[in-house]
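All remarks here apply to the structure that follows.
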Amino acid sequence: MYVHVSLSRFLFLPLCLSLFLHLSLSQVEVYSVKVACKVASRFAHTVITSSALNKANSSQEVFFEVDLPKTAFITNFSMSVSNHGICISVCVCVNAYIQGQTYTGEVKEKEKAKKQYEKAVSTGQTAGLVKASGRKMEKFSVSVNIAANSNVTFILTYEELLQRKLGQYEIMTRVKPKQLVQHFEIVADIYEPQGIAFLDAYGTFISNELLPLVEKTVTDKKAHISFCPTMDQQRKCPGCDGTLIDGDFLIKYDVNRAETLGDIQIVNGYFVHFFAPPDLPRVPKNVVFVIDRSGSMAGNKMHQTREAMLTILNDLHEDDYFGIVTFDHVISTWKGSLTKATTENVSEAKGFVQTIQQSGYTDINGALMKAVDIMMKDKQAKKSTERSVSMIILLTDGMPNSGVSSTPQIQKNVHDAMGGNMSLFCLGFGNDVDYSFLDVMSRQNQGLARRIYEGSDATVQLQGFYKEVASPLLSEVDLHYPDNLVNSLTNSHYKQLFNGSEIVVAGRLTDNSLDNFLVEDFIVKGQASAQEWDILYPEQEYIFGDFTERLWAYLTIQQLLSLKSTGTAEEKGNATAQALEMSLQYSFVTPLTSMVVTKPKTEEEQEEPLIADKLTEGMRPRIQKFEWASPQPNRILQLEQSVVDSAVDGDPHFMIELPEQEDALCFNIDDRPGTIFNLVRDQLAGILVNGQTIGDKKVAPDGKVNAYFGRFGIVHQGLGVRLEVTTHDITVSQDGKQAKLLWSDTASLKGVTKDRSLTVTLRDSVRFVVILHKVWKQHPYHQDYLGFYTLDSHLLSPSVHGLLGQFYHGVQFEVRDMRPGEEPEKPDATMLVKGQELTVTRGWQRDFRWDVKNGENVPCWFIHSNGNGLIDGNHTDYIMSGLFKTV
């Protein structure tokens, strides 16, 4: 067992524990990390290989954690475990020769995989192989226990079609090895038959000293990029063990565009057609902006929306027509019709935007119906040109709870009203939005949805999305191919082509002949630039086998998955069956399949099956935050990220986040100051957490008595460790020894200073975060207090209990009958939970883990009366006689 205590966002240890930590970290050496990416005509094939050696005299657990783009499909994973020797070549080509047993992942139908390993699923063993990671990535993670003096090699392969946005393609690789690596290498080989117009490669972590190590060799159609720093070049400072390799490595490029109907590549009976004609004039657009102003948009969301809209209005062209609809439970318009984007009208609209204020409920159906009505009246009046493109852009942060609240009915109403005459783009703002609802509705109406993440850059995200759709070049694009030459086409009809984007169509050839490969689009008919790959470029080092066939399969599966959500019942069934068949045939991990990985058995454990699933955007956790960087033992390519499982902070506010339900519950406990409550108790794991409340310095004039947590006691019986945290100091006791640290100390470790937070990590178990809230010393009533947060709570046993612990393995509930509450922005509802009906209120609690000073609002359902009906028993059942007592 292993314990470390870290303060603030970085490691700080009492002296008595630091030696044990360093010994643990030094026992497993990650000696090789290689990221190899090959791109052939935009289709990227990436292989990540990492090897580690257990130099200890006992077995150690080694973790492999890697981030991959959320648009990618995992195609293969293997791990080789051996106690034999290793042989590694030079950095240009790192190869590990390991004799031993190899465990390879197998792609299976998702439902069959889960039934086959039902026991593993029910015990939670399948959780966590793939999780959301930030905004653009997913994290694949697996661990294996390897014997003394043994090594392990992990290999993960994934594939994706690079998407052209704003005139460029991007390859992003996230690397966080967390230690110096003897052989570290990123290498990419790109081949584009159209020719490479420009290419740039850089890393967010690369300093001026490391910049020369990014080697780029670019010829007409090929590019080779490599980054291979030595161990000394990886160091943060001379002689220290910290690594600079921590961030994203990015490659951005574009290809040459010919004055033809695009470029067609043919390999082994499959073709792919890239269509993005250069120098096309932009098409005028008619756009209605539909802006949610309901109560949940209060504060920073509304401010950022206003800022983004001011910039977006500035970017309108004079030949555009636009309108603005704002809504809560009341629908309002700037003007009742579309208005030409003259300087005067844009200026007037900006003044209107600055007056938007939030309140009330959310009537999405009514707002969209009004926007469609404005657009159709304009069409009938023939205000705009026939060549113009019509679109509606919806921005909302919540669920429809006024007017029509059934999301399927709203989708039907909008689809019927639009009638294929315009496109719908939906922006889902924040954590409480029903993204799946918006995504389906957008695709039903030839648009797309995008999640806008809450943060300081939300304004930039909104502006960035608008730039992607601001300049339509073509509308109603239909690409037709000779019926006697092709079949199994991917989608060849597109509502519009935007500046900086690209249309990609792939299919099978019934005849490999290159003669008379005619393509017709919406206006012209001609011969595309068809090129047989083997004839055009016989060298093979830049390509990978049947890439055109796999690109066709990737595109086909993506489009079938879209049809599975938007088509008729018959179309949905056929699309699902075909997508599943192709996913299995090409070994893609998609939302319909799972990769089953069997971990090798050890002396203590049998072989353990794990399942890696593909996340959909709707499945991604609503609250995705990066965990403060505390070094973990034996990690390979690690990104620290967690979802808060539960917390208690403030007066005292208990908050339970439930990622499976994508929601949160909260309740308060009101009792006299000085009361000690049991928060967590796991008898099997030997873990206990109690907290004692404190009151204000004196009763405020309004007579309200506030209570906060001012003292926590944490016990790990197996280790014999006790930790006491107060608002003044932190005391760690183990085996009769004691170390004390004041919050006010300016202690540091290798230049890393502490802040106002404390992280307690128990190896292979839960992590706790304690936050110190500082209050002005001269405040007449309030005083310093503590907040308590839990991470990785699923690692505790099923018997865990306590005011927080009882929720660590989830709670089932249903919310219905939403209705107005006492405050307009906080509706009431009925919750069915634990066989009872409770009246609950929608509100927010402050999460201070990421911003100790200001905190961040987290939406939740508030349970009244000290959580009665939600918690087991009464809150008084959790009162303890001492900080380290169980009764």
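The values are calculated or read from the model by the stated rules, or taken from the named source; none is laboratory data. The shown structure was predicted, so the numbers you read here are calculated from the model rather than taken from an experiment. When we count neighbours, we look across all protein chains shown, and the Cβ atoms used for this are built from the backbone with ideal geometry, even at glycine. The protein model used for the area step is the full one, side chains on, heavy atoms only, and it has no ligands, DNA or RNA in it. Shrake-Rupley method; radii C 1.70, N 1.55, O 1.52, S 1.80 Å.
Under a 5 Å amide H cut-off, with hydrogens placed 1.01 Å from N, Lys826 pairs with Gly821 among residues at least 5 apart or on other chains.
Our summary gives segment 285-470 a relative contact order of 24 percent, counting only alpha carbon pairs under 8 angstrom and 6 or more residues apart. Hey, with R₀ at 41 Å, roughly what FRET efficiency would Cys240 and His809 work out to, going by the Cβ-Cβ distance, to 0.05? According to the calculation, E is roughly 0.50. Computed from label points 7 Å out along Cα-Cβ, the spacing between Ala569 and Lys340 is 5.1 nm. Just check segment 359-408 against the gyration tensor rule for me: Cα atoms, a ≥ b ≥ c as the square roots of the eigenvalues, rounded for a/c under 1.5, and otherwise prolate or oblate depending on whether a/b exceeds b/c. Prolate shape, in that a/c is at least 1.5 and a/b is the bigger ratio.
If I take R0 = 30 Å and measure r between the Cβ atoms of Lys412 and Gln354 in this structure, what FRET efficiency does the formula 1/(1 + (r/R0)^6) give, to the nearest 0.05? My answer for the efficiency is 0.25. The stretch between Arg816 and Asn421, if pulled fully straight at 0.36 nm per residue, gains 138.6 nm over its current Cα-Cα span.
Annotation note: GluC sites (Glu not before Pro) in segment 333-435 located in DSSP loop regions with a Cβ neighbour count of at most 13 within 10 Å are Glu386. In terms of packing, defined here as the mean over residues of other Cβ atoms within 10 angstrom, the peptides 331-339, 704-712 line up highest first as 704-712, 331-339.
Measuring between alpha carbons in the structure, the pairs from Lys222/Lys564; Lys704/Lys777; Lys108/Lys139; Lys165/Lys216; Lys176/Lys467; Lys165/Lys370 lying more than 28 angstrom apart are Lys222/Lys564; Lys176/Lys467; Lys165/Lys370. Sparsely packed loop sites in segment 186-269 (the GluC sites (Glu not before Pro) outside DSSP H, G, I, E and B with at most 15 other Cβ atoms within 10 Å) comprise Glu209, Glu259. Shown in residue order for segment 570-586 are the 3J(HN,Hα) couplings computed by the Karplus curve 6.51 cos²θ - 1.76 cosθ + 1.60 at θ = phi - 60°: 5, 4, 4, x, 5, 5, 4, 4, 5, 5, 5, 4, 6, 4, 5, 4, 9 Hz (x for Gly and Pro). In segment 653-878, the C-alpha radius of gyration followed by the widest Cα-Cα span (Dmax) gives 18.6, 58 angstrom.
In this label model, Arg306 and Lys55 are separated by 5.9 nm, measuring between points 7 Å along each Cα→Cβ vector.
The mean of 1/r over all distinct Cα pairs in segment 163-306, once inverted, gives the Kirkwood hydrodynamic radius of 19.3 Å.
Between Asn149 and Ser78, what is the FRET efficiency for a Förster distance of 22 Å, r being their Cβ-Cβ separation, to the nearest 0.05? Computed FRET efficiency for Asn149 and Ser78: 0.50. In the context of the full set of protein chains, residues of segment 269-411 present 38 Å² of accessible surface per residue (probe radius 1.4 Å, heavy atoms only). Amide H to amide H distances under 5 Å link Lys335 with Ile324, where only residues 5 or more positions off or on other chains count and H is placed in the peptide plane. Using a cutoff of 8 angstrom between alpha carbon atoms and counting only pairs six or more residues apart, the relative contact order for segment 225-364 works out to 21 percent.
When peptides 179-186, 306-313, 160-167 are ranked by their average number of other Cβ atoms within 10 Å per residue, the highest-first order is 179-186, 306-313, 160-167. Derived value for segment 285-470: Kirkwood hydrodynamic radius 16.1 Å. Basis is the mean of 1/r over every pair of different alpha-carbon atoms.
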